[in-house]
Every structure is written in structure tokens, then in C-alpha cells.
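What follows is a single structure, written as C-alpha cells, with notes after it.
The values are calculated or read from the model by the stated rules, or taken from the named source; none is laboratory data. Note that the coordinates shown come from a computational prediction; the quantities given were computed from them, not determined experimentally. Please note: Cβ atoms are built from the backbone with ideal geometry, for glycine as well, and neighbour counts cover all protein chains shown.
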Amino acid sequence: MRRFIRVSFVLLSMIGFAVLPASAQEVGGGSSGQQGVELRPNYPNPFNPETTIPFVLSESLFDTGRPVVVTIRIYNLLKQPVASPVALRHPAGEGVPLVNLEYTRAGTHEAFWDGRDSSGRQVASGPYWCQITVAGYPPKIIRMFVTK
């Protein structure tokens with residue numbers, strides 16, 4: 001039975017990856033100096049019930065002198081938005097949702113997700129995708145696993 005669950009989990013994970021938008025199928029962040037934005041692997045992963053999601057905003061994003069607008073969303077296997085993590089140590093305050101949030105400085109930043117959906121319910125075990133979007137740059141995606 002355990003083997004069946006593991007095989008099913010892997011197959012569902014592969015199916016879920018296939019349904020992501022074609023423009024966002026690159027998993028991982030790439031080099032922050034070349035890409036402007038880097039989404040690093042969350043930790044711990046797998047996790048139960050919460051995780052931290054680091055991301056890097058490079059100096060090149062701030063060349064215009066204007067703030068950079070960042071959005072991070074969590075998606076399920078069906079490509080449905082589940083939640084938005086909150087920003088850690090952001091000037092606007094601790095725990096501000098990371099939806100169209102302005103950043104004024106380059107460097108490594110962190111988001112936090114408590115494993116709950118937008119209605120406050122604990123999500124089911126399985127794979128989820130975290131997508132970061134910064135205006136003018138292609139989205140970056142990482143895969144995360146919730147375990148119970």
C-alpha cells in the first residue's frame with residue numbers, strides 16, 4: 001500500500017507539473033545576477049505545517065530607482081491558487097501578504113507559508129508550486145511538498 005501511495009504521489013506530481021503555464025515551467029531560480037530575480041528552494045522541504053521561502057532581488061532590478069513589485073502565490077496540482085505567503089522582515093510590517101508588495105532594496109528576502117489555504121484551512125498532503133512574479137521578468141517556480 002505504501003508503494004502504491006508513493007507511486008501515485010510521483011505520478012500526480014508529474015501531472016501537476018505538466019499543467020503549469022508553458023511560460024512558467026522553469027523550475028528553480030537561476031542566477032540572481034543574470035535574471036534579476038531568483039526563487040530559492042523552500043526549507044524545510046518536505047514540510048509540515050510551515051515553510052520559509054527565500055528569494056533574491058538583484059541590484060539590476062533597482063536601476064531605475066523605483067521600488068520593485070513582488071507577488072508570490074502557492075498553487076495546487078490543478079493549477080488553482082491556494083494561498084499567498086507573507087513577507088518576513090518587510091518594512092511594511094511582519095506578516096504582510098506577498099501580493100503586489102513593494103521592495104526598495106536588493107538582496108535576499110524571505111516569505112513564510114503556514115500551510116493554510118486562503119480560507120485558513122490546513123492544506124492536504126502533496127505537491128504544491130510556489131511562483132514568484134516580478135513585473136517585466138518571467139515567473140520563477142519551485143515545487144514544495146506538504147507531508148502529514
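Descriptive notes on the structure:
- Top-ranked residue of region 110-135 - restricted to ones that are more than 18 Å from residue 45 (Cβ to Cβ) and in contact (Cβ under 8 Å) with a residue 24 or more places away in the chain, ranked as surrounded by the fewest Cβ atoms within 10 Å (Cβ to Cβ): 135
- Test for residue 146: is it surrounded by 19 or more Cβ atoms within 10 Å (Cβ to Cβ) and over 20 Å from residue 58 (Cβ atoms): yes
- Residue among 87, 124 that alone is assigned to a loop (DSSP other than H, G, I, E, B) and modelled with pLDDT of 95 or more: 124
- Applying the condition of being touching a Leu at 6+ places or on another chain (Cβ under 6 Å) and closer than 26 Å to residue 147 by Cβ to region 33-76 and asking which residue is surrounded by the most Cβ atoms within 10 Å (Cβ to Cβ) yields 72.
- Condition check for residue 136: part of a loop (DSSP other than H, G, I, E, B), in contact with a Gly (Cβ under 9 Å, 6 or more places away or on another chain) and at pLDDT below 95: yes
- Just one of the numbered conditions (1) within 14 Å of residue 36 (Cβ to Cβ); (2) among the aromatic types (Phe, Trp, Tyr); (3) modelled with pLDDT of 95 or more is not true of residue 113: (1).
- Listing of strands (runs of 3 or more DSSP E) fully contained in region 5-75 that carry 3 or more residues being more than 27 Å from residue 95 (Cβ to Cβ) and at pLDDT 50 or above: none
- Residues in region 113-144 that are small (Gly, Ala, Ser) and out of contact with any strand residue (DSSP E or B) (no Cβ under 8 Å at 6 or more places or on another chain): 119, 120, 136.
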